[in-house]
Amino acid sequence: MSQPLVTLTTDMGVRDHYVASVKGALFTAIPGVTVVDISHAIAPFDTAQAAFVLRNAYPDFPRGTIHLIGVNPEAGGQEPHVVVRHDGHLFVGADNGIFTLLFDGQPHEAFELTMKIGDDHASFPLKHVFVKAAAHLARGGTPETIGRKLQRVNELRHFVPKVERDGIIGSVIHVDSYGNLVTNITRRLFEEVVRGRPFRIRFGRGANDIRQISRNYGDEAPGERVALFGSGGMLEIAINKGTPGTGGGAASLFGMKVGDTVRADLEDLNPAAPRVTGQLRTA
């Protein structure tokens, strides 16, 4: 059997002992395990942010990796602890809606955990429940052995971009550590709607509008605004070389936050708009 690999995504930060305690429990329960920190800087209880970060990281890990999700991990009457099997990966977390955000719909398989646990699990389920489940899975055990199969998991949904005759109405779904604004407008949707026609990306004040999609941040001079499709295929708005501590990232400079509207308007359908051609940079 190959060396077990476990990832951690939590909102616990690194100031306190919590992350170290979970890792210690993993090393004790799974000899030889490799533990990878995806992030411990998720905003407290922010299920949507946790889903965004994990969905952009887990595909790069090998199949068979076990992903523990320590954001809103407490189980309730309608939110049991579950093991999810999807795309060859295993995920352990609470059924609080995160999995439908993580996969844009229902996972391939989900199992409600039914294994026996100690009385102290309620206050720290990541350590006392999820680590125990991970140890079983790492030894080659199956989710069916420790869980009851579910037909569906609880659903949460992002605001879905709205396509109108004159463009796309989307929103900011994530602000990264550089202050970049990540939207829910995918490259595929953008290209299907725009089809090479003139466009204008609108957000905040009109003076901030962007009329072209760049290949990378460096296509624009340092300090200039830029729109591009990031590695996850989502439309991003950024300031080249701009970060919150060095002159400001896009979020602070434009006064934007998660949930704010970003539009991609087709200018050739709007007679009142200036006739400036938007374009995808290709060279």
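Leu90: under 21 Å from Thr142 (Cα atoms), assigned to a strand (DSSP E or B) and either under 15 Å from the mean Cα position of the chain (by Cα) or among the charged types (D, E, K, R) (or both), yes or no?
Values: under 21 Å from Thr142 (Cα atoms): yes; assigned to a strand (DSSP E or B): yes; either under 15 Å from the mean Cα position of the chain (by Cα) or among the charged types (D, E, K, R) (or both): no.
Answer is no for this residue.
Could you list all residues from region 198-245 that are under 21 Å from Ser171 (Cβ atoms), without any contact (Cβ under 8 Å) to a residue 60 or more places away in the chain, among the small types (Gly, Ala, Ser) and not in a strand (DSSP E or B)?
Selection gives Gly204, Gly206, Ala207, Gly230, Gly233.
Which of the numbered conditions does Glu155 fail, given that it passes all the others? Conditions: (1) at pLDDT below 95; (2) closer than 30 Å to Val33 by Cβ; (3) within 26 Å of the chain's Cα centre (by Cα).
(2)
May I ask you to verify whether Val83 is in contact (Cβ under 8 Å) with a residue 60 or more places away in the chain, more than 18 Å from the chain's Cα centre (by Cα) and not in a loop (DSSP other than H, G, I, E, B)?
Numbers: in contact (Cβ under 8 Å) with a residue 60 or more places away in the chain: yes; more than 18 Å from the chain's Cα centre (by Cα): yes; not in a loop (DSSP other than H, G, I, E, B): yes.
Criteria met by Val83.
Among the residues of region 1-17, how many are buried (at least 18 other Cβ atoms within 10 Å of the Cβ) and either out of contact with any Pro (no Cβ under 7 Å at 6 or more places or on another chain) or of a type in the set (A, V, I, L, M, F, W, C) (or both)?
Step one: filter region 1-17 for residues buried (at least 18 other Cβ atoms within 10 Å of the Cβ), giving 4, 6-12.
If we keep only those that are either out of contact with any Pro (no Cβ under 7 Å at 6 or more places or on another chain) or of a type in the set (A, V, I, L, M, F, W, C) (or both) too, we end up with 4, 6-10, 12.
Qualifying residue count, region 1-17: 7.
Please note which strands (runs of 3 or more DSSP E) are completely contained in region 1-78 and include at least 1 residues that are of a type in the set (Ser, Thr, Tyr) and either more than 26 Å from Pro107 (Cα to Cα) or touching a residue at least 12 places away in the same chain (Cβ under 8 Å) (or both).
Correct list: 5-10, 34-39.
Quick one: is Phe99 in contact with a Gly (Cβ under 8 Å, 6 or more places away or on another chain), assigned to a helix (DSSP H, G or I) and buried (at least 17 other Cβ atoms within 10 Å of the Cβ)? Before you say what the answer is, go through the steps one by one.
Details: in contact with a Gly (Cβ under 8 Å, 6 or more places away or on another chain): yes; assigned to a helix (DSSP H, G or I): yes; buried (at least 17 other Cβ atoms within 10 Å of the Cβ): yes.
The answer is yes for Phe99.
Which of (1) at positive phi; (2) under 22 Å from the mean Cα position of the chain (by Cα); (3) not aliphatic (A, V, I, L, M) does Asn216 not meet, given it meets every other one?
Every listed condition holds for Asn216 apart from (1).
Out of the residues in region 122-175 that are closer than 22 Å to Phe111 by Cβ and among the small types (Gly, Ala, Ser), which is surrounded by the fewest Cβ atoms within 10 Å (Cβ to Cβ)?
Filtering region 122-175 for residues closer than 22 Å to Phe111 by Cβ gives 122, 124-156.
Cutting the leftovers down to among the small types (Gly, Ala, Ser) gives us 122, 133-135, 138, 140-141, 147.
Details: Ala122: 12, Ala133: 25, Ala134: 24, Ala135: 20, Ala138: 22, Gly140: 9, Gly141: 13, Gly147: 22.
This residue is Gly140.
Just a yes or no: is a residue in region 70-86 surrounded by fewer than 23 Cβ atoms within 10 Å (Cβ to Cβ), out of contact with any strand residue (DSSP E or B) (no Cβ under 9 Å at 6 or more places or on another chain) and farther than 30 Å from Tyr178 by Cβ?
yes
Assuming Thr47 fulfils every condition listed in (1) in contact with a strand residue (DSSP E or B) (Cβ under 7 Å, 6 or more places away or on another chain); (2) farther than 22 Å from Ala138 by Cβ apart from one, which condition is it?
(1)
Could you identify the single residue in Thr261, Thr246 that is modelled with pLDDT under 85 and either in contact with a Cys (Cβ under 6 Å, 6 or more places away or on another chain) or outside the structural domain of Arg55 (by TED's automatic domain parsing) (or both)?
Matching residue, one of Thr261, Thr246: Thr246.
The values are calculated or read from the model by the stated rules, or taken from the named source; none is laboratory data. Predicted, not measured: the structure shown is a model, and the values here were computed from it. Every residue, glycine as well, gets a Cβ built from its backbone with ideal geometry; the counts of neighbours run over all protein chains shown.
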